[in-house]
Amino acid sequence: PKGKGPQGKRITLKVAKNSVRVAFNGRRRLDLSKMGIAIFPKCILELAEVEELDLSRNMLKKIPNIIEKFQNLMWLDLHSNQLDELPAAICTLRNLTYLNLCNNKLKALPEEFTLLRNLRTLNLGLNCFETIPTTLGSLRELIELGLFDNALTIIPKSVKKLPKLEKLNVKRNPLPEFAEEEEPIDTVKRIESLYLVEKKDLCGSCLQTCQGERNELHTLEDVTPGSSNKPNFSSFVTPNSSARDNEEEWRMK
């Protein structure tokens, strides 16, 4: 019988055909999201030429091997189902550039997953991954990678160093590097001590540098209105020219 039952809603070919849309990029998208589907509808094999397939927000527990018939797929959304494994057949979809597997029950990826070399966006967030294979680093076209809300304790270097990766989301994982907040970086350069030396004690290049900075200070003083009553320590030069205005405070003892 038709309708929603223990096995979820049954999708007919007529319903599927009426669910084909043309996306903004001109691709044909079969949108079967939010339909209460629990079993992959075999009737959609009649529409296997579509470039995009949306089966998100259903109750799917398994993707059958017949997914390999969708060889034109460039975009596949399976997020928010009940998948606990992926078939190796999904890795034959070599044209995929977008794959969303977020919010399922996945613990591992098929060994053949590295064959999806055209992937640019991959979302594995909100799953049950404890490790991510180092071979994921072979997906060198990846631009965005979501690994948030898993049980990861390490991110392979091969993944961190993906050449085109722009966004890597690893939030809410028990990663050691995020266990403690980093101390704030003090961007202000502070002088612990200042030494005044006589000109005769400086090497030639140091003397030239200090004299150049002193000349710059004199130039600034010439264009600054008002006279200064500060004493002149002409026999001393400071390696740090910013201290000149505070010479009274830095007198030699």
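The values are calculated or read from the model by the stated rules, or taken from the named source; none is laboratory data. Treat the numbers as computed from the prediction; the structure is a model and nothing was measured. Cβ atoms come from the backbone with ideal geometry, glycine included; neighbour counts cover every protein chain shown.
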Practice task
Among the residues of the stretch 120-179, write down those that are β-branched (V, I, T) and more than 16 Å from the chain's Cα centre (by Cα).
Solution key: T131, T134, T135, T153
Exercise for the section: Could you check, for the stretch 119-126, whether at least one of its residues is among the small types (G, A, S) and not in a loop (DSSP other than H, G, I, E, B)? Expected result: no
Exercise for the section: Kindly indicate whether A38 is hydrophobic (A, V, I, L, M, F, W, C) and within 32 Å of the chain's Cα centre (by Cα). Expected result: no
Practice task
Select, from L99, L60, L32, the only residue that is of a type in the set (A, V, I, L, M) and under 21 Å from E141 (Cβ atoms).
Solution key: L99
Handout entry: Residues of the stretch 106-119 satisfying the condition of being surrounded by fewer than 20 Cβ atoms within 10 Å (Cβ to Cβ), within 11 Å of L86 (Cβ to Cβ) and in contact with a Cys (Cβ under 6 Å, 6 or more places away or on another chain)
Key = K107, P110, E112
Practice task
With the condition kept exactly as written, say whether any residue in the stretch 105-112 is on the phi > 0 side of the Ramachandran plot and small (G, A, S).
Solution key: no
Practice task
Could you please give the count of residues in the stretch 42-94 that are among the basic types (K, R) and in contact with an Asp or Glu (Cβ under 6 Å, 6 or more places away or on another chain)?
Solution key: 0
Practice task
Kindly provide the set of residues from the stretch 48-67 that are charged (D, E, K, R) and either within 30 Å of the chain's Cα centre (by Cα) or buried (at least 22 other Cβ atoms within 10 Å of the Cβ) (or both), ordered by number.
Solution key: E51, E52, D54, R57, K61, K62
Handout entry: Flag for N127 being crowded, with 19+ Cβ neighbours inside 10 Å and of a type outside the set (S, T, Y)
Key = yes
Practice task
Examine the stretch 77-100 for a residue that is closer than 16 Å to L53 by Cβ and in contact with a His (Cβ under 7 Å, 6 or more places away or on another chain), and state whether such a residue exists.
Solution key: yes
Exercise for the section: Evaluate the stretch 52-59: report whether one residue or more is in contact with a His (Cβ under 7 Å, 6 or more places away or on another chain), aliphatic (A, V, I, L, M) and in contact (Cβ under 8 Å) with a residue 24 or more places away in the chain. Expected result: no
Exercise for the section: Determine which member of the set L96, L83, L73 is part of a loop (DSSP other than H, G, I, E, B), assigned by TED's automatic domain parsing to the domain that holds M59, under 20 Å from L152 (Cβ atoms) and modelled with pLDDT of 95 or more. Expected result: L83
Problem - Selected residue (only one of T135, T153 is surrounded by fewer than 19 Cβ atoms within 10 Å (Cβ to Cβ), in contact with a helix residue (DSSP H, G or I) (Cβ under 9 Å, 6 or more places away or on another chain), of a type in the set (V, I, T) and not in a loop (DSSP other than H, G, I, E, B)) - result: T135
Practice task
Output the number of the condition that T12 fails; it satisfies all remaining conditions of (1) more than 21 Å from N127 (Cβ to Cβ); (2) without any contact (Cβ under 8 Å) to a residue 24 or more places away in the chain.
Solution key: (2)
